[in-house]
Structure formats: structure tokens, C-alpha cells
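First comes the structure, then the notes that go with it.
Just so you know, all these numbers are worked out from the coordinates, no wet-lab data involved. In this text the structure is predicted, and so the values were computed from the model without any measurement. We place every Cβ from the backbone using ideal geometry, glycine too, and count neighbours over all the protein chains shown.
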Amino acid sequence: MGLQLLKPAGLGVLVVVLVAAVGYVPTSRMSGGEGVIAMFVGCGIGLVSNWIGLAATAGSFRGDPTRRPLAVLLGTTIRFLAVLVFAVAGALSGMFSATPLFVWIAISYLTVLFVDTVWLVQQSSRSSAEMNP
């Protein structure tokens with residue numbers, strides 16, 4: 001499963017890069033250079049939080065298939081707590097413009113969450129098909 005994590009992690013990076021590329025000009029015009037820095041930090045926070053949750057969830061595909069729903073719920077909870085901790089730390093640091101930071105955390109978090117969810121559903125379907133030929 002370790003190598004299989006590279007696919008959703010890489011897709012997450014690709015999605016965040018594409019989203020940031022699309023949002024660069026509007027963020028720059030609305031918030032200037034500080035907003036762009038906050039955008040990159042927010043995208044990084046969203047991406048890293050999703051990797052943390054994905055790693056927690058992906059381990060469940062090695063074990064008992066009846067525990068997968070609980071593992072997915074646990075991974076989602078861990079992912080949310082990680083993004084919450086990083087977001088609060090980023091905002092309290094005073095180093096970044098808060099509005100673009102929070103907007104880009106949300107955008108990157110939700111887009112990568114979608115990619116991870118699609119991947120997990122595919123993995124679950126494959127595992128179920130292998131167990132029930």
C-alpha cells in the first residue's frame with residue numbers, strides 16, 4: 001500500500017498546483033503579494049493535511065475489510081484536525097494575510113479531499129471485488 005499512496009499524493013499535488021495557477025492572478029489582484037504568499041501557504045496546509053488523513057486511512061486496506069468505514073472516518077477526522085491546527089497556527093503567527101490564507105486552505109483542502117475520496121472508493125471497490133470473485 002505504501003507505493004499506492006504515491007498516486008493519490010501525486011494527484012493531490014497536481015490538483016493543488018492547477019488550482020493555485022488558476023487562482024494566482026485573482027489573488028494577486030485582490031490581495032497583492034501578501035495574498036499570494038498566503039495562497040501558497042494555504043495550499044500547502046490543505047495538501048499536507050490531506051496527506052496526513054490519507055496515510056491514516058490507507059493503512060486500512062491491508063487489514064480486515066469490515067474496518068474500512070471506521071478507518072475512513074478516522075482518517076477524515078485526523079485530516080480535519082490537522083487542517084484546523086495548521087490553520088490556527090498560520091493565522092495566529094501573524095505572518096500571513098488571514099482572509100486569503102483561510103480561503104486557500106479551504107479550496108485546496110476540498111479539492112484534494114475530492115481526489116482522495118475518488119481514489120479511496122476505487123481502492124475499496126477493487127479490494128471488495130478481489131475478495132468476492
Where labels lie 7 Å past Cα in the beta-carbon direction, separation of Val121 and Ser28 in nm: 3.6
Binned at 10 Å starting from 0, the alpha-carbon pair-distance distribution of the chain in whole percents comes out as 13, 40, 28, 14, 5, 1
Inter-probe distance in nm under a simple model that places probes 7 Å from Cα toward Cβ, at Leu110 and Ala91: 1.7
In degrees, nearest ten, helix 6-58 long axis to first principal axis of the chain (Cα): 20
With Cα coordinates, the longest principal axis of the chain makes an angle with the long axis of helix 68-93, in degrees rounded to 10, of 20
0 to 90° range, to nearest 10: angle between helix 98-131 axis and the chain longest Cα axis: 10
Scoring only Lys, Arg, Asp and Glu (+1, +1, -1, -1) among other residues with Cβ under 9 Å from the Cβ of Thr57 yields +1
